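First up is the structure itself, then whatever we jot down about it.
What follows is calculated from the coordinates using simple rules that are stated; it is not laboratory data. All values reported here derive from a predicted model rather than from experimental measurement. Virtual Cβ from ideal backbone geometry, glycine too; neighbours counted across all protein chains shown.
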Amino acid sequence: MPITLRPALPLDIDALWTLRTVAVRVSCATHYAPEQIAVWTASPVPDFYPAMLAAGDGIVAMQGETIAGYAMLDAVKHEVDAVFVDPARAGLGIGKRLLAALEQLARGRGIARLHLSASLNAVPFYQAAGFISLREEAYAHPSGISLASVAMEKQLAAA
């Protein structure tokens, strides 16, 4: 079944957060301790998600009627806020398509450079997409834990 992309909507939030929780539990388990993942995945939906989605800063990948992944752009901070793919659909190029669509969205908003804080397991994904590693850092997760991560950035080509 083909993958289609559409804007994420505020009514998608619960489904997106559920997908994100599963993705973190499965995909991050190779790089983070179970205790970290437990706290990380117990955190609630960020307060800013509804406004981001209402502003058109989210993209959803659909496989039929099922959400296969999503990506979020923080247009104010020029930051990739999220790229998550259902682990059961990993390896189908969904994350790559979502990230490319997010970059296009950013260029359309006049953003010339994107940055992000990549979880350790996601660094190769972002490197393959042209992001460069700037430094290892401790990401202060909103749940109060500190997560090892890598600060990365990418200069976007002109639209």
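What value, in deg cm²/dmol to 500, does the helix sum -39500 (n - 2.57) over DSSP H runs of n ≥ 4 give at 222 nm once divided by the residues of the chain?
Taking each H run of at least 4 residues, the total per residue is -9500 deg cm²/dmol.
Among rounded, prolate and oblate, which fits the range 75-159 when a ≥ b ≥ c are the square roots of the eigenvalues of its C-alpha gyration tensor, a/c under 1.5 means rounded, and a/b larger than b/c means prolate? Verdict is oblate for the range 75-159. Specify the residue with the greatest mean-square fluctuation among 74, 57, 47, computed from a Gaussian network of the chain linking alpha-carbon atoms under 10 Å apart. Judging by the Gaussian network model, the answer is 47. With a cut-off of 19 Å on the backbone N, the residues of the range 120-154 near the modelled label site 7 Å out from residue 109 along Cα-Cβ are 131, 152-154. Our estimate of slack between residue 138 and residue 158, defined as 0.36 nm per intervening residue step minus the Cα-Cα distance, is 4.0 nm. Of the options (1) 18.9, 57; (2) 14.7, 43; (3) 18.2, 60, only one is Rg and Dmax of the Cα atoms in Å as computed from these coordinates, and that is (2). Decide, for the range 1-78, between rounded, prolate and oblate: order the square roots of the alpha carbon gyration tensor eigenvalues as a ≥ b ≥ c, take rounded if a/c falls under 1.5, and otherwise choose prolate if a/b is larger than b/c, else oblate. Oblate, because a/c is 1.5 or more while a/b does not exceed b/c. Of interest is the spacing of the C-alpha centroids, which for the range 71-120 and the range 35-50 amounts to 18 Å.
Taking amide hydrogens as placed 1.01 Å from N in the peptide plane, the amide H of residue 5 sits under 5 Å from those of 62, each at least 5 positions away in sequence or on another chain. Backbone amide hydrogens, once placed in the peptide plane, bring residue 69 within less than 5 Å of 61, 86, excluding anything fewer than 5 places away on its chain.
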